[in-house]
Structures are given as C-alpha cells and as structure tokens.
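A short write-up of the structure that comes next.
The values are calculated or read from the model by the stated rules, or taken from the named source; none is laboratory data. Quick caveat, the model's predicted, so the values are computed rather than measured. Here the Cβ positions follow ideal geometry from the backbone for every residue, glycine too, while neighbour counts run over all protein chains shown. The area values use the complete protein model at the heavy-atom level, side chains included, leaving out ligands, DNA and RNA. Shrake-Rupley method; radii C 1.70, N 1.55, O 1.52, S 1.80 Å.
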Amino acid sequence: MLHNADLALYRAKGDGRGVARAFAEEMEASARARRTLEADLHAAWRERRFTLAYQPIFEATGGRLAGFEALARWPHPERGLVPPDVFIPITEETGLILPLGAWVLREACHAAAGWPPHLFVSVNLSPLQFRGAQTHQQVRAALEESGLAPQRLELEITESTLLKQGPTVRGTLEQLAAEGITVALDDFGTGYSSLAYLHTLNIGRIKVDRSFVDGVTRCPESLAIVRAIVGLARTLSLRCTAEGIETEAQRRILAEEGCTHLQGFFLGRPGTAEAALALARSTAA
Ligand code: C2E
Ligand code: MG
Ligand code: MG
C-alpha cells in the first residue's frame, strides 16, 4: 500500500503542485516501463550506442548553408529511435545527462572540425549541465581536442536554464562569451521570457520556437509574436533563427520578417554525420 501511495504521490508531483492523485493500476505499469527505460539507457551509455543527428541551418537571405544543430539520438534495439523529448528528461533525473552531455559536445565539435570553416555547430545544453562549474571546462576540452575554433561553436540553452541556475549560469556564460562562443536562447517565447536576460547575459542568438512559426500563416497572434521577437533581436543586434519551417509560405514570411537564419523540415531534416559532411562539402563557400 505504501508503495502504491508513493506511485500516486510521484504522479501528483509530476502533474504539478497542489493536486491530488489516487493510485491506479496503470501507475504501476508505467513505473515499470520507466524503470526498464532507465536500465536500457544506462546499458546504451555503457555500450556507446548514442548517436548525433545534424540538422542544417540556412541563412535567410540567399539561402546559404550556415551550420548544423546537433541532436541526440538513441536507437533502441526494440523500440526503434527513441525521441530525445522522451529520454533526455530521464537522463536529467538520473544524472546521466552529465556524461552524455559531455560526449555530445565532444562528438559535435569533432564533426564540425571536418566541415568547411564558415559553418558552425550548435549544441543543446541541459540546465543540469550548469549546476557545477564543469561546463566551461567541458567546452574547452571539446574545442581543444577537436581543434574547432570557438567562434564556430554555439550553445543552446533555454529560458528555464537561466531561471533555475541564475548566478552560476551567469558566470559560465560570461566565460564562454569571452572565448568567442555564441550562446543561443532556444525555444524563445515559450518559457518565462525575462527580456532583461537578453542584454545582461551574453546572448548572441534567439531561436523563435516552432509553435509560433507553425501558426504564422493562419493566426495573426502568432505572426504578431514572431514580429515582436524578431524586432527585439534586430534592435539588440542578435542573430535570430526561426525553427520548424515546414512550408514555403512559412519560409517566405519568416525571411521577410527579418530572421537571419532558418531551420526546419522544409529546408532539411536532421541527418547522419556523413550526410551533414556531404551537404557541407557540396555547398562550400
Ligand atoms: P530543440 O533544441 O528545439 O530541437 C529542435 C527539434 O525540432 C528537433 O527535435 C528537430 O528534429 C525538430 N524539428 C526541426 N525542424 C522541424 C520541423 O520543421 N517540424 C517539426 N515538427 N520539428 C522539427 P528532436 O531532435 O526530437 O529534439 C527535441 C528536443 O530534445 C530538442 O529541441 C532539445 O531540446 C532536446 N535535445 C536534443 N538533443 C539534445 C542534446 O544533445 N542535449 C540536450 N540537453 N537536449 C537535447
Ligand atoms: Mg535546440
Ligand atoms: Mg528549439
């Protein structure tokens, strides 16, 4: 009974503050599934089964290839490709995100070092990676090992990173910016957009969340939000990437509104390191 009560409590916490949940059989099953997934994740880490996909990012004007975003992939022997939205939160809860995140950095820098020098690589960082002081060292190590110039590395953080880890993040961001690394605010507009961050921290790029891009052709409110974000970026001299471009109409509008960069399935899906290298070479400056 205590065990079941724990499961109900766990669900209540997961569903937010101030809610009550009664135990249901389904909770036991989902807890079991979750434990299996956790064990599989640790096995995958030991056996080095993670890979990175690279999604191209293009200049909005002229359409030239500008770089790639590195995206973690977990090919599961039975489940197929498990999406990062599913496994990253588990690695965050179990602490696996720290070694995994360090690996993603090294691997992405290594790949980018083989591309023509005008292309950047962008790596997603979890808020947890900012908890200690190790982020800066990991980034330096990845750059030194690969020989990649710091100006070719971008680090994507979310607004929640800034909220959760205030003072340590500030110090780390200053160190990174001092070395020439760009910090991008991912999924901008979906969190608690505290606009002061944009100029007090060394943010170099805003990524317009794909939920706004998605609505831009049908919903005047989405267009208004995009306009406000892009205008803000322009005024503060920040680069600005629109994420999740799926149609020509979206591409045209986001370019017209003044985004500097565009990313999305319409322009290019995430692909293997080999595919990225081939694309990078074929479009060399
Ligand atoms: P994100 O950083 O916002 O990455 C963009 C996500 O949007 C990717 O999903 C990408 O495949 C997807 N996407 C790109 N273009 C389109 C489009 O036109 N339409 C639609 N519907 N989707 C598009 P993915 O690879 O599943 O990654 C999801 C999230 O997982 C990422 O969101 C990021 O927050 C997280 N993530 C991925 N890799 C890592 C990693 O190495 N470390 C950490 N901490 N998080 C990661
Ligand atoms: Mg991202
Ligand atoms: Mg994003």
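One line per residue, one yes/no per condition, for (1) over 25 Å from residue 279 (Cα atoms); (2) out of contact with any strand residue (DSSP E or B) (no Cβ under 9 Å at 6 or more places or on another chain); (3) not β-branched (Val, Ile, Thr):
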{"residue": "111", "(1), (2), (3)": "no, no, yes"}
{"residue": "115", "(1), (2), (3)": "no, no, yes"}
{"residue": "119", "(1), (2), (3)": "no, no, yes"}
{"residue": "124", "(1), (2), (3)": "no, no, yes"}
{"residue": "127", "(1), (2), (3)": "yes, no, yes"}
{"residue": "134", "(1), (2), (3)": "yes, yes, yes"}
{"residue": "138", "(1), (2), (3)": "yes, yes, yes"}
{"residue": "147", "(1), (2), (3)": "no, yes, yes"}
{"residue": "152", "(1), (2), (3)": "no, no, yes"}
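Just a yes or no: is a residue in the range 34-52 closer than 25 Å to residue 278 by Cα, surrounded by fewer than 13 Cβ atoms within 10 Å (Cβ to Cβ) and of a type in the set (Val, Ile, Thr)? No - not one qualifying residue is present in the range 34-52. Annotation note: Cβ proximity below 6 Å between a residue of the range 99-126 that is more than 11 Å from residue 148 (Cα to Cα) and a residue that is part of a helix (DSSP H, G or I) and open to solvent by 20 Å² or more (accessible area, probe 1.4 Å) (sequence gap 6+ or interchain) occurs for 102/138; 105/138; 126/92. Each residue in the range 109-153 was checked for being touching a Cys at 6+ places or on another chain (Cβ under 8 Å) and either in a helix (DSSP H, G or I) or not assigned by TED's automatic domain parsing to the domain that holds residue 177 (or both), and 4 pass. Could you tell me whether residue 226 is away from ligand 2 (no atom under 15 Å from the Cβ) and at pLDDT 95 or above? Yes. Being more than 22 Å from the chain's Cα centre (by Cα) and over 23 Å from residue 180 (Cα atoms) is a condition met by no residue of the range 266-277. Where residues in the range 12-36 are acidic (Asp, Glu) and part of a helix (DSSP H, G or I), which of them is farthest from the chain's Cα centre (by Cα)? Only one residue fits best here, namely 25. Any chance the range 56-66 includes a residue that's in a strand (DSSP E or B), buried (at least 17 other Cβ atoms within 10 Å of the Cβ), among the small types (Gly, Ala, Ser) and modelled with pLDDT of 90 or more? Checking the range 56-66: at least one residue is in a strand (DSSP E or B), buried (at least 17 other Cβ atoms within 10 Å of the Cβ), among the small types (Gly, Ala, Ser) and modelled with pLDDT of 90 or more.
Picking from residues in the range 202-224 that are more than 12 Å from ligand 3 (Cβ to nearest atom) and outside any helix (DSSP H, G or I), the one that is surrounded by the most Cβ atoms within 10 Å (Cβ to Cβ) is 216. A residue that is more than 16 Å from ligand 1 (Cβ to nearest atom), farther than 22 Å from residue 105 by Cβ and either buried (at least 18 other Cβ atoms within 10 Å of the Cβ) or in the same structural domain as residue 270 (by TED's automatic domain parsing) (or both) can be found somewhere in the range 68-77. Looking across the range 261-270 at every residue that is within 16 Å of ligand 2 (Cβ to nearest atom) and either open to solvent by 40 Å² or more (accessible area, probe 1.4 Å) or of a type outside the set (A, V, I, L, M, F, W, C) (or both), the one that is nearest to residue 71 (Cα to Cα) is identified as 270.
Out of everything in the range 162-201 that is touching a Gly at 6+ places or on another chain (Cβ under 9 Å) and surrounded by fewer than 18 Cβ atoms within 10 Å (Cβ to Cβ), what residue ends up being farthest from residue 140 (Cα to Cα)? If we take residues in the range 162-201 being touching a Gly at 6+ places or on another chain (Cβ under 9 Å) and surrounded by fewer than 18 Cβ atoms within 10 Å (Cβ to Cβ), then 163 is farthest from residue 140 (Cα to Cα). Scan the range 162-188 residue by residue and report those that are within 12 Å of ligand 1 (Cβ to nearest atom) and farther than 17 Å from residue 129 by Cβ. Selection gives 188 alone. The residue pairs whose first member lies in the range 239-251 and is farther than 15 Å from residue 154 by Cβ and open to solvent by 40 Å² or more (accessible area, probe 1.4 Å), whose second member is within 10 Å of ligand 1 (Cβ to nearest atom) and in a helix (DSSP H, G or I), and whose beta carbons are closer than 9 Å, counting only pairs six or more residues apart or on different chains, are 246/210; 246/213; 246/214.
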